[in-house]
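Undergrad: Take this structure first; my questions come after.
Every read-out reported here was derived from the displayed coordinates using simple, explicitly stated rules and does not represent laboratory data. Fair warning: this is a prediction, and the values are worked out from it, not measured in the lab. Heads up, the Cβs are rebuilt from the backbone with ideal geometry, glycines too, and the neighbour counts pull from every protein chain shown.
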Amino acid sequence: MSYYYGEQTWPQLAAAIEKNTLVIIPIGTTEEHGRHLPVETDAIIATMFGDAIAEGLQKENVPVLVTRPIYYGYSMNIVTRWPGCLKIRTRVFMDYIYDMIDNLIGQGFKKVALLDCHGNHDGLLRTVMREIADKHDQFICTLSPAKLSQPLYDKLKKDPQGDIHGGEWETSMVLAYRPELVHPEEYTSGDAIRCNSELRGPVSTWGLQDTKTGLYGDPTYADAALGAACLKAGTDAAVRILQQFMTL
Ligand SMILES: [Zn+2]
């Protein structure tokens, strides 16, 4: 049976509510990702994780539905130096996600999980999670598949600095899923990460190093096998966490 929310009839959704079905909302964005990746990269990664996690949960007999991914969100102005970004203001983005969850809960769904697949959304989505809890006394779950795949990526990566934007990890993910959208002839190591790694996190990474091509990483290290391995690692971890979330 299809796990796409939008492909259900209303009686099928009523039955899903009755079964305490989990609803997953994959959240990406649209913004430049260097000269070699499509501007929809984060939404593509959100889609691949949404599908893989839903399939993993179905195998474990967890009732699950997945909405279509969110394609547009908030990005910092720095990425608007290149074409691609359709920037949504933070409050508009948060209200949009809030309303979707508010309506799911209004219909009777009790379990909602957000897949956060764009770095600029982390604080926003966690704030929405808290606002929903304040209104409904119901806690949703926010997961970052990239962070869940990080332990394996750290073991396998060839770039000693890793990836922040459009480098080894993201390029490998798209290579594993939609290789025809990647342009290897445009790879460059010119924006490889050189900044102080201890300041990454405490300071917004975009503020630590200038970028010439819109990248923050080195895609020349990317390969499809790495992407496939990270997809599996992030998916397995998410399935394990969501199974526990369903028992709350
Ligand atoms: Zn990205």
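Undergrad: Ratio of the chain's C-alpha Rg to 2.2 N^0.38 Å, to two decimals?
TA: 1.01
Undergrad: Could you line up Ser75, Ser204 from fewest to most neighbouring Cβ atoms inside 10 Å?
TA: Ser204, Ser75
Undergrad: So what J values fall out for region 152-158 if you push phi through Karplus, 6.51 cos²θ - 1.76 cosθ + 1.60 with θ = phi - 60°, rounded to Hz, Gly and Pro as x?
TA: Each residue's phi maps through the Karplus curve to give 6, 4, 4, 6, 9, 5, 9 Hz.
Undergrad: What are the ³J(HN,Hα) couplings of region 171-182, residue after residue, when phi is run through the Karplus curve with 6.51, -1.76, 1.60 and θ = phi - 60°? Round to Hz, x for glycine and proline.
TA: Coupling constants for region 171-182: 5, 5, 4, 5, 4, 6, 10, 9, x, 5, 8, 9 Hz.
Undergrad: Let me ask another. For a protection proxy built on the mean count of beta-carbon atoms within 10 angstrom, sort 27-38, 2-13 highest first, please.
TA: Peptide ranking by packing, descending: 27-38, 2-13.
Undergrad: With θ set to phi - 60°, apply the Karplus curve 6.51 cos²θ - 1.76 cosθ + 1.60 along region 10-24 and write out the HN-Hα couplings as whole Hz, x wherever there is a Gly or Pro.
TA: Ordered by residue, 3J(HN,Hα) equals 5, x, 5, 5, 4, 5, 5, 4, 4, 8, 6, 6, 6, 10, 9 Hz.
Undergrad: Would you list, by chain and number, the aspartates and glutamates whose Cα falls below 14 Å from the Cα of Lys157, excluding same-chain residues fewer than 8 positions away?
TA: The qualifying aspartates and glutamates are Glu168, Glu170, Asp218, Asp223.
Undergrad: Just the number, please: percent antiparallel of the DSSP beta bridges in region 5-246, rounded to the nearest 5.
TA: Numbers: 2 of 16 bridges.
Percentage antiparallel, nearest 5: 10.
Undergrad: In percent, what relative contact order does the chain have, based on Cα pairs under 8 Å that are 6 or more apart in sequence?
TA: Dividing the mean separation by the residue count of the chain yields 23 percent.
Undergrad: Further, regarding this structure: Quick check: the distance between the Cα centres of region 23-80 and region 134-178, to the nearest angstrom?
TA: 11 Å
Undergrad: Still on this structure, I have one more. Once amide H atoms are built 1.01 Å from N in the peptide plane, which residues 5 or more positions from Tyr4, or in another chain, come under 5 Å H to H?
TA: Placed amide hydrogens put Val66 under 5 Å from Tyr4.
Undergrad: Okay, moving on. If the elastic network links every pair of Cα atoms under 10 Å, which of Ile164, Ile45, Ile24 fluctuates the most in the Gaussian network model of the chain?
TA: Ile164
Undergrad: Okay, moving on. Return the subset of Lys147/Lys212; Lys59/Lys135; Lys19/Lys135; Lys59/Lys147 for which the Cα-Cα distance in this structure is over 30 Å, preserving the input order.
TA: Going by Cα-Cα distance, Lys59/Lys135 fall outside the 30 Å limit.
Undergrad: Right, next: State the volume of the convex hull built on the alpha-carbon positions of region 87-227, expressed per residue in Å³ and rounded to an integer.
TA: Dividing the Cα hull volume of region 87-227 by its residues yields 145 Å³.
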